[in-house]
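Student: Could you have a look at this structure, given as structure tokens, before my questions?
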Amino acid sequence: MALLEVKDLHTSFFTDAGEVRAVNGVSFNLERGKVLGIVGESGSGKSVTAYSIMQILASTGRIVSGSIKFDGQELVGADEKVMKTIRGNKISIIFQDPMTSLNPTYTIGHQLMEAILLHTNRNKQQAWDRAVEMLRLVNVNEPEKRMKQYPFEFSGGMRQRVMIAMALACEPDILIADEPTTALDVTIQAGILELMKDIQKEMGMAIIMITHDLGVVAQLCDEVVVMYAGSICEQGTADEIFYNPCHEYTKGLLRSIPTTDSGGERLQPISGTPIDLLNMPKGCAFAPRCDAAMKICIQEHCDRFEINENHAAACWMNVKKAKEGAGL
């Protein structure tokens, strides 16, 4: 049985302008000890999927339908008392910007200890020792001294390490990393990703890595979910996604990545702008931006099409190729 099972998840935000279907029928499984990458541009529904799992949506947001099972336990509809036993203890999250996630008026030590005292039975001294241990684990130098300092005294990379330490302090089964390296420069980003890879192997936990950076996915993930306009357009193993992309959006993402052997060629950006979730088209959401779009793409939504047992995509091009291959 998968550690996390998300099935046909629909999450909407109810605004004055109408219902925004931010997550629209998302399904995936996460196995123990595996790393799942959720990829897509801003507004594709990646973070809302994570917040739905954690049940930390904004006041206007609501899970409309679907199922989220953690280790067999249904989380959709669970009360706050149940979710408090899950958050931090079983599933932890690292947010995008550590400066807004850490309270500037409290010391790093206070904030680390607060999380440990809230989710475990440790006393204050044990919580202090655990906090120091976690700072040491994420390679923060002089952890005892750092415990007494404030967030503004840390660099961006060091603050992100503190956030990782806080998320891992209670040894969760799943770590959700919501674009943890977005605000960091390239060298710091590489260090953070290497750190997460080492900790994941050491602790054996599962990770959901939310990112728009396919380079991060290639470095870290076993399986990949590609999202566009709140839906999954393609999912499969990392090798399948990188070496045999079967959705035009995924192909566009891969074409826009700079490589060392590009020979000075210009990058090919995806034309157009993201879809308006208040006015979803009848057919494929990516069709208005797709150079290969056919008439049926505009008129009808394509369901999930199985490429093989490890790979699926919701693109009419695969249906067309299958029919041509079968001589239909």
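Since every read-out is calculated from the coordinates, none of them should be taken as a lab result. Here the structure is a predicted model, which means the values were calculated and not measured. Here the Cβ is made from the backbone with ideal geometry for all residues, glycine too, and neighbour counts use every protein chain on show.
Student: Rounded to the nearest 0.05, what FRET efficiency do Thr187 and Glu19 give with R0 = 51 Å and r taken as the Cβ-Cβ distance? Could you check? Don't skip to the answer; put the middle values down first.
Tutor: Working: r = 43 Å, r/R0 = 0.84.
The pair Thr187/Glu19 has a calculated efficiency of 0.75.
Student: For the residues Phe14, Phe286, what sequence is obtained by ranking on other C-beta atoms within 10 Å, fewest first? Walk me through the numbers before you get to the answer.
Tutor: On the way: Phe14 13, Phe286 26.
Neighbour counts put them in this order, fewest first: Phe14, Phe286.
Student: Among Tyr249, Tyr150, Tyr243, which comes first, then next, by fewest other beta-carbon atoms within 10 Å?
Tutor: Tyr243, Tyr150, Tyr249
Student: By the scheme Lys and Arg +1, Asp and Glu -1, what is the net charge of all other residues having a beta-carbon under 13 Å from that of Glu153?
Tutor: On the way: positive: Lys145, Arg146, Lys148, Arg159; negative: Glu142.
Net local charge, Glu153 excluded: +3.
Student: May I ask which of Lys46/Lys282; Lys81/Lys282; Lys90/Lys282; Lys34/Lys323; Lys7/Lys34; Lys7/Lys320 have a Cα-Cα span longer than 29 Å here?
Tutor: Lys81/Lys282; Lys90/Lys282; Lys34/Lys323
Student: Right, next: Dimensions of the chain along principal axes (Cα, Å, largest first)?
Tutor: Result for the chain: principal-axis Cα extents of 72, 51, 40 Å.
Student: Report, as a whole number in µm² per second, the diffusion coefficient that Stokes-Einstein gives for region 91-171 at 37 °C and 0.692 mPa s using the Kirkwood radius over alpha carbon pairs. Intermediate values should be presented prior to the final figure.
Tutor: Working: Rh = 12.3 Å.
D = 267 µm²/s.
Student: Beyond 23 Å, how much of the Cα-Cα pair distribution for region 125-247 remains, as a whole percent?
Tutor: Working: 2862 of 7503 pairs.
Cα-Cα pairs in region 125-247 separated by more than 23 Å: 38 percent.
Student: Enter the Cα centre distance for the pair region 125-177 and region 34-78, rounded to the nearest angstrom.
Tutor: 26 Å
Student: Note down the nm distance, to one decimal, between modelled labels 7 Å out along Cα→Cβ at Lys124 and at Lys201.
Tutor: For the pair Lys124/Lys201, the computed spacing is 4.0 nm.
Student: Less than 21 Å apart at the alpha-carbon level, and either on another chain or at least 8 residues along: which lysines does that give for Lys84?
Tutor: Partners within reach: Lys69, Lys124.
Student: So for Cys297, Cys233, Cys284, fewest C-beta neighbours within 10 Å to most, what's the order? Don't jump to the answer; show the numbers that get you there.
Tutor: Working: Cys297 22, Cys233 25, Cys284 29.
Fewest-to-most ranking of Cys297, Cys233, Cys284: Cys297, Cys233, Cys284.
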